[in-house]
Amino acid sequence: MTAADIPAPTGRPTAIPEGPGGSATPPHPDGARVLDSDDISRILGRISHEILERAHGAQDIVILGIQTRGVPLARRIAERMTDIEGLPVPVGSLDITMYRDDLSLRGARPLHATDVPVDGIDGRLVVLVDDVLFSGRTIRAALDALSDLGRPRAVQLAVLVDRGHRELPLRADYVGKNIPTSRDQAVRVRVQEVDGADEVVVSG
Amino acid sequence: MSTHLLSAADLSRDEAIAVLDTAAELARISGRAVKKLPTLRGRTVVNLFFEDSTRTRISFEAAAKRLSADVITFSAKGSSVSKGESLKDTALTLEAMGADAVIVRHGASGAAHRLAHSGWIDGVVVNAGDGTHEHPTQALLDAFTLRHHLSGGEGALDGRRVVIVGDVLHSRVARSNVLLLRTLGADVTLVAPPTLLPVGVESWPCEISYDLDAALPGADAVMMLRVQAERMNAAYFPSTNEYSRRYGLDVRRANLLADEGIVMHPGPMNRGMEITAEVADGPRSVIVEQVTNGVHVRMAVLYRLLGAAEGSGDPAEPALSGSLEEAAS
């Protein structure tokens with residue numbers, strides 16, 4: 001996938017840099033902006049439609065955002081789906097901190113809220129939403145966390161960005177944008193609700 | 001959080017709030033069907049209790065088990081300690097068994113500190129009560145309970161007034177609470193007969209009073225301490241009746257508190273002595289809640305200590321990890 005797949009509004013830089021100092025690199029304090037707020041809005045709209053299309057409607061869908069930035073993305077997807085289908089789509093949040101496998105490497109982290117919709121997840125189609133898919137370890141932890149919360153009928157995964165470098169046999173069902181990166185690059189997703197702006201920036 | 005939790009003074013304001021926030025999230029998890037978390041799978045937590053204890057030992061055991069740690073409970077009765085084994089030899093045995101954390105209660109003040117800094121063991125040490133010195137996790141669970149009722153369950157306790165009453169001399173709970181509550185911004189008043197105040201109490205960061213009726217009006221919480229008869233080898237007050245009359249909490253006194261004021265007790269209670277049954281079971285009492293909160297606070301302490309123990313070496317990093325780190329893994 002290239003930057004050309006996403007129509008850029010005039011004056012909005014969206015291109016992926018070809019390399020350091022590439023002429024297409026827009027000026028950004030932290031690196032290259034690969035998605036802006038209009039891009040993200042379109043992507044979430046498309047993913048909402050794709051989820052509904054594959055599930056043949058929203059009857060038993062539960063959207064769960066992975067803390068922290070998956071949560072606002074999940075809310076927006078659920079809102080879009082509610083608008084499209086005309087019935088409310090339950091949305092919640094999942095904190096996977098206590099299920100991580102790197103406590104001994106990275107140390108204790110602060111916890112965030114896990115909020116499961118009142119009707120639970122048993123027998124439902126759960127769509128996990130995260131901002132970036134990288135090693136896959138977050139999703140592995142999320143699947144473990146999910147199994148302690150109940151038994152979904154099926155679990156799917158939607159991510160805004162897939163940056164590659166998987167360390168586990170996992171894939172996303174819905175991908176906003178594939179962004180090829182090197183391991184030492186940083187992909188930073190900012191969302192309005194947490195960071196005051198919507199954008200995806202690749203740096204390093 | 002530093003490597004061990006030996007004193008309530010080990011906690012900075014930010015660290016204390018972080019422990020309470022972690023405990024608050026863990027409390028939500030314990031409301032669901034599957035209470036167990038895999039976080040400390042493969043870690044070994046040793047409960048090393050040289051003194052009798054029911055609730056603290058069970059509380060730590062429940063906390064460690066909910067985090068999937070293996071728990072070995074070691075109590076002095078029925079162990080080689082009763083054959084005269086020293087703290088050092090016991091510690092070396094635990095080290096040989098590969099303890100990642102040692103929860104220690106000991107009758108001697110400073111025992112936890114000795115265990116942590118002697119080089120006998122590599123694991124983290126949590127002080128579960130050392131003599132008449134400190135009991136920091138009790139102070140954390142009290143702060144958690146206070147915060148829940150007085151500050152909407154978040155932030156600190158700035159400007160709240162807490163009265164701690166009774167046998168301060170023999171109480172490790174009082175010392176830890178004074179230190180931690182002050183760190184969190186609360187104003188603490190100790191009320192006790194002069195004979196039950198320790199030497200040097202005037203240097204503690206709190207007010208001192210001998211008059212309970214004068215200290216209670218408008219206070220946000222009163223914490224009654226157990227009169228520790230088993231540690232009293234001298235006459236500290238003329239009679240039980242006189243103690244109850246001057247320093248016991250009855251309904252009249254409880255109603256001097258602020259409207260939403262709460263009544264606390266670290267347990268076990270001497271009903272009829274420092275607190276009447278009517279107050280202990282009354283609407284202001286949060287004594288049972290304190291026990292529940294103890295498990296969540298101890299889970300938070302174990303999680304943060306064992307996480308930091310082999311962590312990246314930068315204690316500021318976890319608290320500050322943003323989307324970059326989260327996205328990267």
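Taking a ≥ b ≥ c as the square roots of the Cα gyration tensor eigenvalues, the protein assembly as shown comes out prolate, since a/c reaches at least 1.5 and a/b is larger than b/c. Neighbour counting of Cβ atoms within 10 Å sorts the residues B:Leu212, A:Leu103, fewest neighbours leading, into B:Leu212, A:Leu103. Rounded, prolate or oblate: pick one for chain B, where a ≥ b ≥ c are the square roots of the eigenvalues of its C-alpha gyration tensor, a/c under 1.5 means rounded, and failing that, prolate if a/b is larger than b/c, else oblate. Oblate, since a/c reaches 1.5 and b/c is not below a/b. For B:Met223, the residues whose amide H sits under 5 Å from its own are B:Val163, B:Ile164, B:Val165, B:Met264, ignoring neighbours fewer than 5 places away on the same chain, with H placed 1.01 Å from N. Non-local amide H neighbours of B:Leu249 (under 5 Å, H modeled in plane, Pro and chain starts lacking H): which ones? Amide H to amide H, under 5 Å and 5 or more residues apart or across chains, B:Leu249 pairs with B:Ile275, B:Thr276.
The loop-placed GluC sites (Glu not before Pro) in the range B:22-100, going by DSSP, that have at most 15 neighbouring Cβ atoms within 10 Å of their Cβ come out as B:Glu85. Per-residue 3J(HN,Hα) values for the range B:64-69, derived from phi via the Karplus relation 6.51 cos²θ - 1.76 cosθ + 1.60 with θ = phi - 60°, read 5, 5, 5, 9, 6, 6 Hz in sequence order (x marks Gly and Pro).
Working note: Karplus 6.51/-1.76/1.60 with θ = phi - 60° gives the range A:189-194 the couplings 9, 10, 10, 3, 5, 9 Hz, where Gly and Pro are set to x.
Computed from backbone phi with θ = phi - 60° and the Karplus coefficients 6.51, -1.76 and 1.60, the 3J(HN,Hα) list for the range A:125-139 is 8, 9, 9, 7, 10, 9, 7, 10, 9, 10, 6, x, 5, 4, 5 Hz; x is used for glycine and proline.
To the nearest whole number, what is the average tally of beta carbon atoms from other chains within 10 Å of the beta carbons of peptide A:110-120? Numbers along the way, then the final one.
Details: counts 9, 11, 2, 3, 4, 1, 1, 0, 0, 0, 2.
Across the residues of A:110-120, the mean count of other-chain Cβ atoms within 10 Å is 3.
Using only alpha carbon pairs under 8 Å that are at least six residues apart, calculate the relative contact order of the range B:136-286 and give it in whole percent. It would help to have the intermediate numbers written out before the result.
Numbers: 277 pairs, mean separation 34.7, N = 151.
Result for the range B:136-286 is 23 percent.
Each peptide among B:239-251, B:125-137 gets the average number of other Cβ atoms lying within 10 Å of its residues, and from highest to lowest they stand as B:125-137, B:239-251.
Hey, got the dipole for the range B:136-286? About the Cα centre, +1 on K and R Cβ, -1 on D and E Cβ, debye to the nearest 20? Mind showing how you got there, number by number?
Working: 14 positive and 18 negative charges, 60 e Å.
It comes to approximately 280 debye.
Between the residues B:Leu169, B:Pro193, B:Ser151, the greatest Cα displacement towards the positive end of the dipole of the range B:136-286, with unit charges on the Cβ of Lys, Arg, Asp and Glu, is found for B:Leu169.
May I ask for the angle, rounded to the nearest 10°, between helix B:87-96 and the longest principal axis of chain B, with both axes built from Cα atoms and the value confined to 0 to 90°? Between helix and principal axis, roughly 30 degrees. Its relative contact order, with pairs defined as Cα atoms under 8 Å and 6+ residues apart, puts chain B at 19 percent.
Under 5 Å from the amide H of B:Arg43 lie the amide H atoms of B:Asp70, each residue being 5 or more positions distant or on a separate chain, with H modelled from the backbone and absent for Pro and chain starts.
Rule-based calculations on the coordinates, nothing more; no lab input. For clarity, every value in this text was computed on a predicted model and none was experimentally measured. Neighbour counts run over all protein chains shown; Cβ positions are idealised from the backbone, glycine included.
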